[in-house]
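Taking it in order: structure first as structure tokens, then the write-up.
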Amino acid sequence: MARSNYEILGLREGAGEREVQQAFRRLALIYHSDRGGDEERFKEIKRAYDGLRAGRARESPPGPGTDYSAESARINTELAREVAREMRDAEAWAASLVASGSTGTRLFGSASLGEIELERRPNGVLSIKGNVAAGTLRYDGPITVSGAITSPTRGAEPTEITAAVGDFRVPDAVSNRYRIENGARITAENGNIAAGNVFGKKRRVDDPDGRVGVYTVVEHRTRLSAPNGTVSVGTAAGAVDLCALRVEAHTLREDVRVDARDIAIGGPTMTHDVSLRVRAGGTLRFVEAGSVLGLSDDATVSAEGGAEISLRELKVKRIRDVDPSHGGDGTLVGAGRAITHAELLAVSERASLGSRLRGLARRRR
């Protein structure tokens with residue numbers, strides 16, 4: 001039996017225009033594909049919404065030539081802009097409390113768009129409870145977010161949250177499955193970042209010149225930056241940048257770039273498209289004893305001032321290869337040993353020399 005447009009939107013028959021609009025926005029946030037929802041369900045919801053706006057109580061089939069992709073993008077952009085406006089209001093409210101040295105609690109957003117609760121505590125921490133979906137917020141103090149953080153992937157600027165002073169934390173992120181994703185940007189200018197799993201996003205779009213069968217990949221890189229502190233994450237995957245004095249991560253896979261003075265990888269997995277850059281005076285450490293087995297040979301490592309090398313160049317080295325005074329037979333990678341910046345430079349210089357010699361040999365043949 002066919003459902004009415006009211007039933008599809010979860011409304012009583014004859015609901016008013018405002019109720020229809022709020023129901024559509026609420027369901028769009030749940031089922032829109034940009035937020036991991038069901039695209040077919042979203043199309044049904046959109047048809048019902050359009051039908052009620054046109055005065056039709058029953059659902060009508062989609063007309064020929066209906067471009068749901070364009071309409072979906074338009075709706076998503078409108079929702080992101082509304083959330084972004086609420087975030088600007090939240091930033092101004094928090095700044096006023098800092099200026100007056102006050103504490104307070106306030107809700108931002110709406111029942112249709114989703115609400116977040118902001119609380120400035122007596123210790124100066126700004127607590128955000130709820131999922132952050134769009135907009136920018138800068139706060140002169142530590143920030144905690146109890147919820148997921150995502151970013152619009154169409155027609156809007158990425159979500160950006162900045163703790164100007166102190167740490168940025170997502171409490172119990174792993175157990176609560178709180179993710180930072182879709183190109184969101186988190187910065188702790190003078191503190192640390194402690195998060196759970198972090199994901200970027202890549203999507204395929206039609207060729208901008210209209211060529212049939214040709215597509216372009218658009219990246220939404222999620223970025224965590226603590227220029228004067230530590231970034232700690234669980235899994236980072238799918239177009240992610242981690243930049244800090246020190247980066248601690250368990251798993252890196254599917255296009256992750258790490259730039260830090262000290263880097264520590266806690267788990268056994270790192271894929272071929274991961275790149276690690278160690279700054280001058282720093283170290284690279286693979287904590288797990290058997291981690292050498294699960295690290296892709298084709299992942300790349302570079303030491304500031306040196307050439308980029310494949311991880312294989314490190315995995316085949318013994319400690320005594322870079323430290324002749326070492327009497328053991330241990331490997332350079334694994335078992336938690338800190339590989340120094342100087343040792344990385346030495347390996348890259350030897351690898352570069354070997355590459356040049358092999359090139360000369362080929363030319364002489």
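Bear in mind that the values in this text are calculations on the coordinates, not laboratory data. Predicted model, so just to flag it, every value in this text is computed and none were measured. FYI the Cβ positions are ideal-geometry reconstructions off the backbone, even for glycines, and counts take in every protein chain you see.
Taking a straight line from the alpha carbon of LYS129, these lysines sit under 25 Å away, with near neighbours fewer than eight places off in the same chain left out: LYS201.
In the stretch 146-219, inverting the average of 1/r over every pair of distinct C-alpha atoms gives 14.1 Å as the Kirkwood radius.
Each peptide among 240-246, 211-217, 226-232, 86-92 gets the average number of other Cβ atoms lying within 10 Å of its residues, and from highest to lowest they stand as 240-246, 226-232, 86-92, 211-217.
Once R0 is set to 35 Å, what does the formula 1/(1 + (r/R0)^6) return for the Cβ-Cβ distance between GLU349 and GLU219, expressed as a FRET efficiency to the nearest 0.05? Could the numbers behind the result be given before it?
Details: r = 33 Å, r/R0 = 0.93.
Efficiency computed from Cβ-Cβ geometry: 0.60.
Full extension of the segment from ARG204 to ASP89, taken as 0.36 nm per residue of separation minus the current Cα-Cα distance, would add 38.0 nm.
By its C-alpha gyration tensor, with a ≥ b ≥ c as the square roots of the eigenvalues, how is the stretch 121-189 shaped: rounded for a/c under 1.5, else prolate for a/b larger than b/c, else oblate?
On the way: a/c = 2.16, a/b = 1.31, b/c = 1.66.
Oblate, since a/c reaches 1.5 and b/c is not below a/b.
Rounded to the nearest whole Hz, the Karplus-based 3J(HN,Hα) values (6.51 cos²θ - 1.76 cosθ + 1.60, θ = phi - 60°) of the stretch 160-172 follow the sequence 9, 10, 10, 9, 6, 9, x, 8, 10, 9, 10, x, 6, with x at glycine and proline.
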